[in-house]
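The values are calculated or read from the model by the stated rules, or taken from the named source; none is laboratory data. Note that the coordinates shown come from a computational prediction; the quantities given were computed from them, not determined experimentally. No Cβ is skipped: glycine too gets one built from the backbone with ideal geometry, and neighbour counts run over all protein chains shown.
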Amino acid sequence: MAKDSWNTKALGKALAMATNMAAALAVGYFLGAFLDKRFGTAPWLTLTFFLLGTATGLKMMYETAFGKLEKPEDVRKAVNLKDNLAKMKELREQLKKNQGPTDPES
Amino acid sequence: MIKRGWLARVRQTVGGVVALSSLQLILASPVLASEAHGVPAIEAYKVMWAIINFLFLLAILYKFAYNPILKMLDDRKNTIESSLRHAEEIRVDIERMKQEAQQNLMDSRKEAQEIVARAQQIGEETKAELIAKAKEEAANERARAVAEIESAKEKAVNELRDQAATLAILAAEKVLGKAITIEDHQKMVKDFVNEVGDRLC
Amino acid sequence: MQGVLFHIGPVPVYNITVTSWVIMAILALLFYFGTRNMKRIPSGIQNVAEAIVEGLLNFFSGVLGEKRARLYTPLLATFFLFILLCNYSGLVPGAGMVHGFQPPTSDWNVTGALAIVVFFATHYYGIKVHGIGYFKHFVTPFAAFLPLNLLEEVARPLSLTLRLFGNIFAEETILFFLLGMAPFLVPVAMMGLSVLLGAIQALVFTILATSYIGAATEEHESH
């Protein structure tokens, strides 16, 4: 893949992360509130859906950064701190490689 | 050095992301403020219009932009591919022709060499033949000349002998005053001359 | 109602709708004249039209691969061109003040409509490519993720809507206030920023739509 499109994708991902999180929280909250009003179960559904929304936001953020969760092992890996640090390092290497030629210091 | 390099790069990247995000937040702040008063209503007609407009635009652009341009791009790609293929064919042809010409040239060179060699050989042969013939002729000529000389010499010697005999006879007649038969004399003188002549000549 | 210019029967026609029509007309005319009599060797406006489509095709090829980019370029390129022109329409003097002239992407119903198109297009293409197997991705990586995945499917269009609308609306609002406070210099700087952000937002919307459709239509090598 061209470096150009990698950078553009990175830009898209960076800008998407924040609003994705906000949107997931909002969806969770408003859906919960709507269902609470409908069934009169306040505040339980709001709370549940808000937590689900938060989880969704985190999942979206994780997937944006590290790629889709395809298999159950991926989830185990996703909550494994050591693996995550290794992944971050790998990503940093990738970033370094992709940014390499434009940096005057190297 | 290297460590500082990537640190700077990470800082740069993180800084860029943070700057973009905060810019976004700053820009969105009036919205967030206005939204605090309550969720704005969804206006169904606006959504409907927007979807209709978008689909209509998609249809128009399909007709005027994507179909003709993508077709043209494909067409151009095919043209380029086919002309490349054509060029390749021509190149192969030229290569083949060149090889053929090379082959022809080599063949004719070989042929010419053969012709020259043959001519040389013929020449050599003719030369040898001619020389042999000339030598033979010369030898023949010489032999004939020798033979002629021999015969002339013999003739001269014979003549000389005859004359010498006659003279001797005449002289003897004068001396003896008596003629002996000429045949006897001649025989006698001849014997003598033969004896002497062989020694002289 | 606010923003209504006139009615066709019972259906209200809004300022943003009229502006959309103008933008559509501009795009249609550009491509109509660009492709009216196409030549093998392009010249003039044909060059422009071809460069736009080819550039976008190449850009999507970088994300989707050549074959899928060829299929989905029309939809995605339309998103990009329409949103870009909508964003830039806010930079034309008089935007938001003249009747019938308001940048469509500064209204969240419009950005929502675009996000809805992305939503339906994603699932349509996903089902078209994978058939019934497409729904398997809702229980990926395992069944407990079903509510999260469903919420994500709703959150995505909302995220697209809010980002585009938020940025453009904010730009418009700030520009409006700045024009009211200081007619010179400051709005110019803001406009320069708007040119950049308008392009970035159009690009981000398009690239996200591309990656959603790309993820939905991805061929899995192992089943």
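One line per residue, one yes/no per condition, for (1) under 18 Å from the mean Cα position of the chain (by Cα); (2) of a type in the set (Lys, Arg); (3) not assigned by TED's automatic domain parsing to the domain that holds A:THR8:
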| site | (1), (2), (3) |
| --- | --- |
| A:ALA42 | no, no, no |
| A:LEU45 | no, no, no |
| A:VAL75 | yes, no, yes |
| A:LYS89 | yes, yes, yes |
| A:GLN94 | no, no, yes |
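When you go through C:LEU27, C:LEU57, C:LEU75 one by one, which is the residue that is within 28 Å of C:VAL188 (Cα to Cα), crowded, with 18+ Cβ neighbours inside 10 Å and either within 9 Å of another protein chain (Cβ to nearest Cβ) or polar (S, T, N, Q) (or both)?
C:LEU27
Would you mind stating whether A:THR48 is under 18 Å from C:ARG163 (Cα atoms) and of a type in the set (S, T, N, Q)?
When the stated conditions are applied, A:THR48 does not pass them.
Could you figure out which of (1) closer than 17 Å to C:LEU5 by Cα; (2) more than 12 Å from the chain's Cα centre (by Cα) isn't true of C:VAL110?
(2)
Determine which member of the set C:ALA121, C:ALA69 is farther than 27 Å from C:ILE16 by Cα and within 11 Å of chain B (Cβ to nearest Cβ).
C:ALA69
Looking at this structure, is C:VAL154 touching a Pro at 6+ places or on another chain (Cβ under 7 Å), crowded, with 19+ Cβ neighbours inside 10 Å and within 23 Å of A:ALA26 (Cβ to Cβ)?
Answer is no for this residue.
Tally the residues that are surrounded by fewer than 19 Cβ atoms within 10 Å (Cβ to Cβ) and facing chain C (nearest Cβ under 8 Å), restricting the search to segment A:7-30.
The number of residues fulfilling the criteria is 2.
Residues are listed down the side, and each one gets a yes or a no for (1) modelled with pLDDT under 95; (2) farther than 30 Å from B:GLN186 by Cβ; (3) not polar (S, T, N, Q):
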residue	(1), (2), (3)
B:GLN120	yes, yes, no
B:THR126	yes, yes, no
B:ALA145	yes, yes, yes
B:ARG161	yes, no, yes
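Among (1) surrounded by fewer than 16 Cβ atoms within 10 Å (Cβ to Cβ); (2) among the aromatic types (Phe, Trp, Tyr); (3) over 22 Å from B:LEU57 (Cα atoms); (4) away from chain A (no Cβ under 14 Å), where does C:PHE138 come up short?
So C:PHE138 meets the others, but not (4).
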